[in-house]
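One structure below.
Rule-based calculations on the coordinates, nothing more; no lab input. Only a predicted model underlies this, so the values are computations on that prediction, with no experimental measurement involved. So basically every Cβ, Gly included, is an ideal-geometry build from the backbone, and we count neighbours across all protein chains shown.
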Amino acid sequence: MDCREILEGLSEYIDEELADRTCREIESHLKHCYNCRVVVNTLRRTVTLYHEAPQHEVPGDVRMRLHKVIRLREESD
Amino acid sequence: MKHTVPTDNELIEEIKGGRAEALEALVSRYENKVYSLAYRMMGSREDAEDVLQDTFLNVVRSLDGFRSQASFSTWLYRVATNAALTRLRKKNKREKGEGEFIEEVYSVRDAAHSQSKLVDWSDGPAEKLLNEEAQKIMDEAVNELPEIYRVVFVLRDVEGLPASEVAEVLDLSIPAVKSRLHRARLYLRKRLSDYFTGGIS
């Protein structure tokens, strides 16, 4: 496998969704290809950063308006 | 007396029976999830609030059509993503054209082939990688994704839904979900790499 083929499968590789044989091919490429290793590491880190970033929670005033709108809608039915 | 937390479907039955408190409880259970999805999709607090209200008003309007054998949360994600996409289509888009986007995504191929060494920033400390400025860049980068890629990325990697559920929410095949997700991730990786390494990604 060359770098281009490796790059196509990297999301499935980091999500552990690839067949064992394909994983082994990717890993053998990664052993001797520094740049592809960097792409794997930084791709994986990108995904975990988005996952770890604080979620945007509903601000209190937004929540109050939401519940008010729903109550009004219920009452008008 | 036993106090158990009612399931979504039990709350829905109570709502259909006219108990307003059950609706309040269902909305409270999911409002943060919907808001966070809406915020990531829209990129601003005002637009996220509009999507949040649209979503729950649509839920109230169409709850009678909800079949209890389906998963409420999958159905809710569908209503919420539709509300977000409808609002986005009404707005002036900031997102990139798909051609330009694909070109940038695959610049990584040339980078991987290149003689010059890429910079590995992945083991940087979390407090540096998730500082306030970095989070702003992360938000901006998501908003640059064309919406068909953004919605897949947000559901899968931010909300954490499995690919099969993302496919169900968006009426897509699983391979289509995976291919969009991969491109979205490659683009975001590039944007974060440019930021963390000062342009040498």
task: Determine, for A:I14, B:I137, B:I15, the number of other Cβ atoms within 10 Å of each Cβ, and report the residues in order from fewest to most.
output: B:I137, A:I14, B:I15
- prompt: Under the classification rounded if a/c is under 1.5, otherwise prolate if a/b is larger than b/c and oblate if not, where does region B:98-196 fall, given a ≥ b ≥ c as square roots of the Cα gyration tensor eigenvalues?
  reply: oblate
- prompt: Got a sec? Charge dipole of region A:3-76, +1 on Cβ for Lys and Arg, -1 for Asp and Glu; which of A:G60, A:N41, A:S28 is way out at the positive end?
  reply: A:G60
With Cα atoms, 0 to 90° folded angle of helix B:72-90 axis to chain B main axis: 60 degrees
task: Neighbouring Cβ atoms within 10 Å as the yardstick, rank A:C3, A:C36 fewest first.
output: A:C3, A:C36
- prompt: Looking at chain B, what % of the alpha carbon pairs are farther apart than 26 Å?
  reply: 43 percent
statement: Fewest-first ordering of B:H113, A:H56 by Cβ atoms within 10 Å yields B:H113, A:H56
message: With +1 on the Cβ of every Lys and Arg and -1 on the Cβ of every Asp and Glu, and nothing else charged, how large is the dipole of region B:93-163 about its Cα centre, in debye rounded to the nearest 20?
response: 120 debye
task: In whole Hz, with x marking every Gly and Pro, tabulate ³J(HN,Hα) for region B:117-122 from phi via Karplus 6.51 cos²θ - 1.76 cosθ + 1.60, θ = phi - 60°.
output: 7, 6, 9, 9, 9, 5
- request: Taking the dipole about the Cα centre of region B:8-91, with the C-beta of Lys and Arg at +1 and of Asp and Glu at -1, give me whichever of B:Q69, B:L57, B:A38 is farthest to the positive side.
  value: B:A38
message: Step by step: find N for region B:8-91, compute 2.2 N^0.38 Å, then divide the Cα radius of gyration by it. What's the final number?
response: 1.08
field: Pairs of lysines in chain B (C-alpha under 25 Å apart; 8 or more residues apart or interchain)
entry: 21
statement: Sites removed, the longest contiguous part of chain B containing no DSSP-loop trypsin sites (Lys or Arg not before Pro) with at most 14 other Cβ within 10 Å is B:118-201
task: Round to the nearest 10 and give me the degree value, 0 to 90, for the angle of helix B:45-62's Cα axis relative to the longest principal axis of chain B.
output: 40 degrees
message: If you average the alpha carbon positions of region A:3-77 and of region B:2-26, how far apart do those two centres end up, in angstrom?
response: 32 Å
- request: Per DSSP H run of at least 4 residues, take -39500 (n - 2.57); add these up for chain B, divide by its residues and hand me the 222 nm value, nearest 500 deg cm²/dmol.
  value: -22000 deg cm²/dmol
- prompt: Rounded to the nearest 20 Debye, what is the dipole magnitude of the protein assembly as shown about its Cα centre when Lys and Arg each give +1 and Asp and Glu each give -1 at the C-beta?
  reply: 280 debye
message: Of B:N143, B:S116, B:H182, which is farthest towards the positive pole of region B:98-196's charge dipole, taken about the Cα centre with +1 and -1 on the beta-carbons of Lys, Arg and Asp, Glu respectively?
response: B:S116
- line: For chain B, longest principal axis from Cα atoms; helix B:174-197 axis from its Cα atoms; angle between them, nearest 10 degrees, is 50 degrees
message: Taking only the Cα atoms of chain A, how large is their convex hull per residue, in Å³?
response: 142 Å³
